[in-house]
Amino acid sequence: MDWLLDNAIKIESPADIARQILAARGFERPQIDEFFQLDYERLIALSEGLPDLDLAADRIAQAIEFRHKIVVYGDYDIDGITATALMFQALHDAGADVSIYIPDRFEEGYGLNSSALEFLVSNGAQLVITVDCGITSVEEIAQAAKLGLDIIVTDHHGLAEQLPERAVALINPKRVPDSPLYEIAGVGVAYLLVVGLQQRGIIGLAAGREKWLLDLVALGTICDVVPLVGANRLLAHYGLIVMRQTRRCGLRALAEVSGVDLKQVRASEVAFRFGPRLNAAGRLEHARQALDLLLVEDDVEAKALADKLQQLNTDRQLLTEATYNEAVELLKDKDDDRVVVLANENWSHGIIGIVASRVVERTGKPTILLQIKDGVAKGSARSPKGFSIIEAITRQSQYLDRFGGHAYAAGMTLAQGKLADFVAALNADELTRQFAPTRHQLVIDGIVAPKLIDTDTYEAMQLLAPFGQANSEPIFMSSLKVISFRPVGTDLSHLQVKFSAPSGVVSAIAFRKAGNWPWLRENMLVDVVYTLDENEWQGVVRVQLLIHDMRAHDDGTGVQASDTTI
């Protein structure tokens with residue numbers, strides 16, 4: 001693992017640490033000033049930048065007035081279910097005749113499909129509002145128009161060459177290249193549409209009441225791994241504030257089974273505790289269970305739903321591990337491929353995206369995993385930084401039946417008979433051949449004096465929160481003396497280390513890395529790369545280090561601490 005120290009700043013005081021880190025990351029002075037301007041009214045004003053907002057508002061107003069049957073058509077990932085819950089709640093509270101449709105991941109796949117639209121028409125639907133999908137559904141929307149079904153698309157995914165011509169409105173910030181909303185998640189688009197409806201008097205939310213929907217926005221935005229800067233940072237910031245005092249008994253139940261103190265919930269806990277449990281429903285069974293948890297109004301029912309998601313997540317973990325081990329075996333024949341494509345008839349389409357991410361971490365290469373079933377290959381793609389997987393597969397769209405996604409995550413469906421040609425074309429493409437896999441790199445933000453490993457530095461760093469994509473938690477390096485270390489956890493896979501520092505003993509933990517440093521000894525001086533965290537024990541809050549990597553300290557004499565004790 002490479003350590004990149006080129007832009008690391010030397011931190012000698014907590015004062016102004018947040019601005020120093022942003023400057024080192026390449027932010028200019030105006031960008032830094034804007035970063036800290038968490039102005040909610042600025043966010044609200046951005047809603048007017050949504051394309052086709054007036055067209056959508058007029059049609060929704062008509063539907064509410066004349067009691068047209070509205071269906072919110074969502075997606076099975078967290079961005080999709082949060083956007084669905086938000087849109088449904090806002091329209092339901094406005095008195096609309098509204099229901100929900102979430103496609104089955106295994107039977108229907110992602111996005112609009114003609115069979116579902118025909119079913120909705122047969123049940124009286126007159127208006128469909130998509131959330132987190134629809135922008136590439138040209139044929140499906142054309143077919144819906146022939147059936148007399150109006151469709152408003154709200155989406156945030158990349159645009160294809162052809163846009164749906166028969167939609168009532170296409171609300172996607174990517175239609176405006178320079179828009180400050182360009183990178184917002186699907187739930188962010190849905191929220192700003194609701195704000196636009198509120199400002200036009202179409203839904204009867206009093207000013208400020210819309211903020212109670214922001215817990216859903218934070219959940220979807222953080223878990224969809226969009227850049228947490230600009231509008232997304234505003235949405236996540238205010239959403240976390242609302243989540244800490246949420247009225248949703250489902251979120252309270254989810255926090256309980258996840259072991260999270262909801263009153264102090266952080267973005268990392270939303271991503272790594274809430275996210276996997278909510279996603280487990282759609283990965284193994286049906287996403288409707290996760291959606292029901294977000295909308296439930298009964299504490300007992302909420303507890304039962306949360307417990308079910310907890311069990312599904314445990315099952316998902318076991319299945320993921322087995323699939324990953326099988327994928328690693330198949331990697332042995334892929335050394336020369338620039339894009340790794342692996343397929344298996346026994347894999348579950350619900351979890352191959354997770355496994356693809358782990359393969360990317362292992363190889364540094366763009367990766368596609370596919371489930372083969374009944375002559376059809378359904379896949380999930382993931383990519384390292386510096387390579388747009390959606391651009392790569394779009395260039396081979398002649399082989400694909402359906403596809404969509406982002407630069408670093410995408411999905412596709414194609415006939416099994418076309419798979420070999422697709423893989424060959426993908427690896428022969430100039431875009432692919434220009435990409436060179438790289439080792440995993442730790443970009444270190446600051447070198448911290450041991451005396452500054454304390455709560456003051458931790459709190460100064462929190463001015464940068466919430467952390468996520470494009471606004472990662474700062475990574476620091478310090479030289480510290482080891483007091484003791486031992487493996488911990490039920491399977492002894494984690495390493496607990498105690499270091500000495502001027503402020504006293506500093507505790508640290510390295511998750512799933514107990515065997516990474518066999519040379520480690522007590523009283524050694526080591527260079528530690530870590531993120532700062534807080535840990536509460538028996539009512540006392542102390543900082544702790546989350547270790548990314550360690551090396552024996554070299555004092556410049558050529559003698560490393562691994563060769564001698566200090």
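Coordinate-derived values only; no laboratory data. Being a predicted model, the structure only gives us computed values, none of them experimental. Counting neighbours? That spans all protein chains shown, and the Cβs are built from the backbone with ideal geometry, glycine included.
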### Summary
With x for Gly and Pro, the residue-by-residue ³J(HN,Hα) of the range 235-250, computed from phi through the Karplus equation 6.51 cos²θ - 1.76 cosθ + 1.60 at θ = phi - 60° and given in whole Hz, is 4, 5, 4, 6, x, 5, 4, 5, 4, 5, 10, 4, 8, 7, 5, x
### Task
Tell me which residues come under 5 Å, amide H to amide H, from Gln544 once H is placed; ignore anything under 5 positions away on its chain.
Asp533, Glu534, Asn535
### Task
For the range 360-394, run through the trypsin sites (Lys or Arg not before Pro) and keep only the ones in DSSP coil with at most 12 other Cβ atoms within 10 Å of their Cβ.
Lys385
### Message
Amide H of Gly134 versus every other amide H placed in the peptide plane: which residues, excluding those fewer than 5 positions away on the same chain, fall under 5 Å?
### Response
Leu112
### Query
If you add up the charges near Ile483, with Lys and Arg at +1 and Asp and Glu at -1, over every other residue whose beta carbon is less than 13 angstrom from its beta carbon, what do you get?
+3
#### Entry: Where GluC sites (Glu not before Pro) in DSSP loops with at most 13 other Cβ within 10 Å are excluded, longest remaining stretch of the chain
346-521
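According to the square roots a ≥ b ≥ c of the eigenvalues of the Cα gyration tensor, what is the shape class of the range 326-433, taking rounded for a/c under 1.5, prolate for a/b larger than b/c otherwise, and oblate for the remainder? Provide the component values of the computation, followed by the final result.
Working: a/c = 1.30, a/b = 1.05, b/c = 1.24.
Rounded.
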### Summary
Filtering chymotrypsin sites (Phe, Trp or Tyr not before Pro) in the range 26-86 by DSSP loop and by at most 10 other Cβ atoms within 10 Å leaves Phe66
### Query
How far, in degrees from 0 to 90, does helix 299-330 lean away from the longest principal axis of the Cα atoms of the chain, to the nearest 10?
70
